[in-house]
Amino acid sequence: MVIDMHVHPGFFQDICGDRERTEMRRQRYGLYKTSPSPLEHTLEVMDHAGIDKSVLLPLDLTTITGEVVISNDEVRTLVSLAPDRFVGFASVDPHRKDAAVELVRCFEDLGLSGLKLNPSSQRFHPGDAIMAPIYELCVKYDKPILFHSGLSWEPNAPAKYARPLEFEDVALGYPELRICLAHFGWPWIDETVMLLIKYPNVFTDTSLLYLDSPKDFYEQLFKKNMGPLWVDRNFADKVLFGSNAPRFRPVRLREGLEKVGFKPRTLENILGLNAVHFLKLEA
Amino acid sequence: MVKLKTVRLRSVREFQMIKITGEVADFVARSGVQNGLVAVITAHTTTGIMMNESLPCVEEDIEEALERLIPKDSSYMHAHFLPSYGTTGGNSPGHLKSMLSGNNCILPVQDGKMVIGHAQDIYFVEFDGLKMRSYFIEVIGE
């Protein structure tokens, strides 16, 4: 089982009927030359990379830009088109007065499997008191949160909100809540590592390719910035495969990971088993 | 007279030679041009238009030769973040293979038909699949 934990479906043709909305997505994500693709192509790309399931992430910026960049209902629509291949997450702008109501609707009515939050583009500090009702709902419904962490290439998304240390209060205050700090919190890798080894409920993903080729960048990350056996020895069960598609091509990141030299069991965990645990797909 | 057609296709492999001889010949025959030229031109920088013999062994040799000359992993300068795209350049081999292949081919049109050698076929060649692609067929003549 291979699971891509980090896919932005803004250019899936089935939710790109409105040209202005598609252009708005290009601007919000900073993906200026990305064009819509049909479902057949998306599934072929997943097959080519050997990916069984992709986690689709919406984005609600209601109070920031007045836009829901990708809506929860659009994600639900896409999951319905290929329910064996897609896992849908929710997004709520935490500053919305009805954020909790919308999140309950996502879990109860839309059947979404987790929550994506982006402190940088949604402009909140993860430890802020306004977040408590949202975290409590995720605990109540046993849904994980995928947080953007570290550098964001979205144009209006300061990294200061998403520094890994910002998430320590969440990890500490909600030990039953599974949280994934995406992108390894790059460039603050040491902070991410500290949280991974200390808090059982903290995970990270591999959706980063900010310099060099995937092979070179992952070698730098996993073998030079970190000790060469840190992942194998210490948190082989806490790193999830994620591509950040369409920003980075899933097959390239998978090939890069396979060249790092992880132990076979570690690689198997990263590519899918850890996500099965994080998403509680065992049942 | 000038007649232009845009053809869209979806590549399903990273390297893929897609034979388009029939598509080009049909458009020439329906264009109304009796004598002139037909040009086939790709719309991309990591694809090519190639003419060669349509034998599986030749296609395999072409793929392997290009891979030997331009391996997937090398110290390509293009492998960096591209702000104008919002993505990291990961397809330098595709650009270089496209350079070797060229972006077009031209054939004569005589008596309303495309003129082509008996061993020749026209290929749209994908060097950076899987992608949504397009190419142009333009017939120019009288």
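The values are calculated or read from the model by the stated rules, or taken from the named source; none is laboratory data. Bear in mind that the values here come from a model prediction, so they are computed numbers and not experimental data. Positions of Cβ are generated from backbone atoms using ideal geometry, with glycine treated the same way; all protein chains shown enter the neighbour counts. Accessible surface is based on the protein model in full, side chains and every heavy atom, while ligands, DNA and RNA are left aside. Shrake-Rupley method; radii C 1.70, N 1.55, O 1.52, S 1.80 Å.
Confirm whether A:GLU168 is among the acidic types (Asp, Glu), touching a residue at least 12 places away in the same chain (Cβ under 8 Å) and under 16 Å from A:LYS116 (Cβ atoms). Walk me through how you get there before you give the answer.
Numbers: among the acidic types (Asp, Glu): yes; touching a residue at least 12 places away in the same chain (Cβ under 8 Å): yes; under 16 Å from A:LYS116 (Cβ atoms): no.
No: the conditions fail for A:GLU168.
Contact list please: Cβ distance under 9 Å, first residue in the stretch B:15-38 and under 12 Å from B:LYS113 (Cβ atoms), second residue aromatic (Phe, Trp, Tyr), pairs at least six apart or on different chains.
These pairs meet every condition: B:VAL38/B:PHE27.
If you go through the stretch B:43-88 one residue at a time, how many are within 9 Å of another protein chain (Cβ to nearest Cβ) and under 21 Å from the mean Cα position of the chain (by Cα)?
Here the count works out to 1.
How about the stretch A:119-135: which of its residues are within 20 Å of the chain's Cα centre (by Cα) and either within 23 Å of A:PRO175 (Cβ to Cβ) or of a type in the set (Phe, Trp, Tyr) (or both)? Before the answer, list the steps.
Narrowing the stretch A:119-135 to residues within 20 Å of the chain's Cα centre (by Cα): A:119-127, A:131, A:134-135.
If the condition is that a residue be within 20 Å of the chain's Cα centre (by Cα) and either within 23 Å of A:PRO175 (Cβ to Cβ) or of a type in the set (Phe, Trp, Tyr) (or both), then A:PRO119, A:PHE124, A:HIS125, A:PRO126, A:GLY127, A:MET131, A:ILE134, A:TYR135 are the ones that fit.
Given (1) in contact with an Asp or Glu (Cβ under 9 Å, 6 or more places away or on another chain); (2) closer than 18 Å to A:GLU154 by Cβ, where does A:LEU57 come up short, assuming only one miss?
Going through the list (1) in contact with an Asp or Glu (Cβ under 9 Å, 6 or more places away or on another chain); (2) closer than 18 Å to A:GLU154 by Cβ, A:LEU57 breaks only (1).
Hey, B:ILE116 hits all of (1) part of a loop (DSSP other than H, G, I, E, B); (2) under 17 Å from the mean Cα position of the chain (by Cα); (3) free of Cβ contacts under 8 Å to residues at least 24 places away in the same chain but one; which does it fall short on?
(3)
If we only count helices (runs of 4 or more DSSP H) wholly inside the stretch B:1-102, which ones have 1 or more residues that are touching a Cys at 6+ places or on another chain (Cβ under 8 Å)? Before the answer, list the steps.
On the way: elements: B:21-31, B:56-69, B:92-101.
Fully inside the stretch B:1-102 and qualifying: nothing.
Identify all residues within the stretch B:10-69 that are closer than 15 Å to B:ILE106 by Cα and aromatic (Phe, Trp, Tyr); write none if there are none.
B:PHE27
Specify the residue that is surrounded by the fewest Cβ atoms within 10 Å (Cβ to Cβ); the eligible residues are those in the stretch A:52-63 that are within 20 Å of the chain's Cα centre (by Cα) and β-branched (Val, Ile, Thr). Give the steps one after another, and end with the answer.
Taking the stretch A:52-63 as the starting set, the residues that turn out to be within 20 Å of the chain's Cα centre (by Cα) are A:52-62.
Still in the list and also β-branched (Val, Ile, Thr): A:55, A:62.
Details: A:VAL55: 26, A:THR62: 19.
This residue is A:THR62.
For A:VAL68, all conditions in the list (1) open to solvent by 40 Å² or more (accessible area, probe 1.4 Å); (2) over 20 Å from the mean Cα position of the chain (by Cα); (3) of a type in the set (A, V, I, L, M, F, W, C) hold save one; what is the number of the exception?
Result: A:VAL68 passes all but (2).
For A:LEU165, state whether it is in contact with an Asp or Glu (Cβ under 7 Å, 6 or more places away or on another chain) and under 21 Å from A:LEU240 (Cβ atoms).
Values: in contact with an Asp or Glu (Cβ under 7 Å, 6 or more places away or on another chain): yes; under 21 Å from A:LEU240 (Cβ atoms): yes.
So A:LEU165 fits the description; yes.
I'd like the full set of residues that are open to solvent by less than 40 Å² (accessible area, probe 1.4 Å), hydrophobic (A, V, I, L, M, F, W, C) and over 25 Å from A:HIS41 (Cβ atoms), limited to the stretch B:28-61.
B:VAL28, B:VAL33, B:VAL38, B:ALA39, B:VAL58
For the subset of the stretch A:36-51 comprising residues that are buried (at least 20 other Cβ atoms within 10 Å of the Cβ) and hydrophobic (A, V, I, L, M, F, W, C), which member is farthest from the other protein chains (Cβ to nearest Cβ)?
A:ILE51
Considering only the stretch B:74-110, state which residues are surrounded by 19 or more Cβ atoms within 10 Å (Cβ to Cβ), of a type in the set (Ser, Thr, Tyr) and in contact with an Asp or Glu (Cβ under 9 Å, 6 or more places away or on another chain).
Scanning the stretch B:74-110 gives B:THR88, B:SER98.
For the stretch A:136-152: of the residues being in contact with a Pro (Cβ under 9 Å, 6 or more places away or on another chain) and open to solvent by less than 20 Å² (accessible area, probe 1.4 Å), which is modelled with the lowest pLDDT?
Here is the first cut: in the stretch A:136-152, the ones in contact with a Pro (Cβ under 9 Å, 6 or more places away or on another chain) are A:138, A:147-152.
From what is left, the residues that are open to solvent by less than 20 Å² (accessible area, probe 1.4 Å) are A:138, A:147-150, A:152.
Details: A:CYS138: 98, A:PHE147: 98, A:HIS148: 98, A:SER149: 98, A:GLY150: 98, A:SER152: 94.
Filtering the stretch A:136-152 for residues that are in contact with a Pro (Cβ under 9 Å, 6 or more places away or on another chain) and open to solvent by less than 20 Å² (accessible area, probe 1.4 Å), the one modelled with the lowest pLDDT comes out as A:SER152.
Across the stretch A:199-224, what is the number of residues that are more than 18 Å from the chain's Cα centre (by Cα), touching a residue at least 24 places away in the same chain (Cβ under 8 Å), more than 14 Å from every other protein chain (Cβ to nearest Cβ) and over 20 Å from A:ASP4 (Cβ atoms)?
3
List the helices (runs of 4 or more DSSP H) inside the stretch A:238-283, counting only whole elements, that have at least 2 residues being within 16 Å of A:ALA49 (Cβ to Cβ) and either away from chain B (no Cβ under 14 Å) or open to solvent by less than 10 Å² (accessible area, probe 1.4 Å) (or both). Full working, then the answer.
Working: elements: A:250-258, A:264-268, A:274-279.
Passing ranges, in order: A:250-258, A:264-268.
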